[in-house]
Amino acid sequence: MSDESAKIILLKIETLNKVANREHIKLLKSSVAKWNTWRESNPNIVPDLDRVDFNGADLSNANLRKANFYMTLLNSANLQGANLTKTFFASSDLRGANLNETDCSGVKFNGADLCGCTFKKAKLRNADFSDLDLRDVDFSEADLRRADLRKSNLEKVKFFKADLRKTLLTEANLTEAYLSSAWLQETDLQWANLSKAILRYSVNLTPAQIQSAKIDRETKVPHYLKIHWISETDFRCEEKSR
């Protein structure tokens, strides 16, 4: 095959892909029910939805597994209940989006803007939120087991009743974060900033975890732990005797 013939074939493939992508976008915007039926019939097709404007769109309960949302606009979109497993959200705009009850297992949010998002009761196992600005995000009752939130800004984030077992929070900023009733067994809190954080009623938190983090006198630890302040910055944490 000559180089010219190969170029013509590649151009035809690219043209067909662009037409197919336009059809995918049109179908998804018109009807989630029809979209889900189409996906069931075409399980091997990976939707390419990069750089599309879905701002404010209602995509609740959509099957978006493995879809490409690179640099896609999803500002204030309703994705509640959607299947987003292994979806690609790099550099996408998800500000104010409703991601409650979604399945985001294994999703990488590299460079995504998640300001003001809600992930209530979402499945977020093994999701990658590392090094992101997540201020004011609501993770209440979410399953974040083994998720990566290292070096993320989690200021004032809600983790009420969240499952954070074996979650990576190394060097995360958890200033004023609300972790009441959260599961914290084997959560990595090394060098995390827990200043003014609320950890009351959290489950399975150990003195070693607190000792590895940064706290202040306004940090609220669960009732079974006690803080002994040695200086303004140095402290010792231990379990209360029963």
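All of the numbers you see were taken from the coordinates with simple rules; none came from a lab. No experiment lies behind these values; they were computed from the predicted model shown. Neighbour counts are summed over all protein chains in view; Cβ atoms, including those assigned to glycine, are modelled from backbone coordinates with ideal geometry.
Taking GluC sites (Glu not before Pro) in DSSP loop states with no more than 12 other Cβ atoms inside 10 Å as exposed sites, the chain has its longest site-free stretch at 1-217.
For the chain, the longest principal axis of the Cα atoms and the long axis of helix 3-30 meet at an angle of about 60 degrees.
What pairs from Lys29/Lys151; Lys108/Lys196; Lys108/Lys151 go past 24 Å between their alpha carbons? The partial results should precede the final answer.
Details: Lys29/Lys151 36 Å; Lys108/Lys196 29 Å; Lys108/Lys151 15 Å.
Cα-Cα > 24 Å for Lys29/Lys151; Lys108/Lys196; rest within.
Estimated from the Cβ-Cβ distance and a Förster radius of 41 angstrom, the FRET efficiency linking Gln185 and Asp131 is about 0.95. Working note: Debye formula, equal point scatterers on the alpha-carbon atoms of the range 163-242, no solvent; log10 I(q)/I(0) at q = 0.14, 0.20, 0.21 Å⁻¹ is -0.38, -0.81, -0.90. Compared with the dominant principal axis of the Cα atoms in the chain, helix 32-41 is inclined by about 70°.
Taking a quarter of the surface of the convex hull around the Cα atoms of the chain, what do you get in nm²?
Numbers: hull surface 62.2 nm².
If you wrap the Cα atoms of the chain in a convex hull and average its projections, you get 15.5 nm².
Annotation note: chymotrypsin sites (Phe, Trp or Tyr not before Pro) in the range 144-211 located in DSSP loop regions with a Cβ neighbour count of at most 16 within 10 Å are Trp191, Tyr201.
DSSP loop (so not H, G, I, E, B), at most 11 other Cβ within 10 Å: list which trypsin sites (Lys or Arg not before Pro) in the range 144-226 pass both filters.
Details: sites: Arg145, Arg146, Arg150, Lys151, Lys156, Lys158, Lys161, Arg165, Lys166, Lys196, Arg200, Lys214, Arg217, Lys220, Lys226; in loops: Arg145, Arg146, Arg150, Lys151, Lys156, Lys161, Arg165, Lys166, Lys196, Arg200, Arg217.
Sparse-neighbourhood loop trypsin sites (Lys or Arg not before Pro): Arg217.
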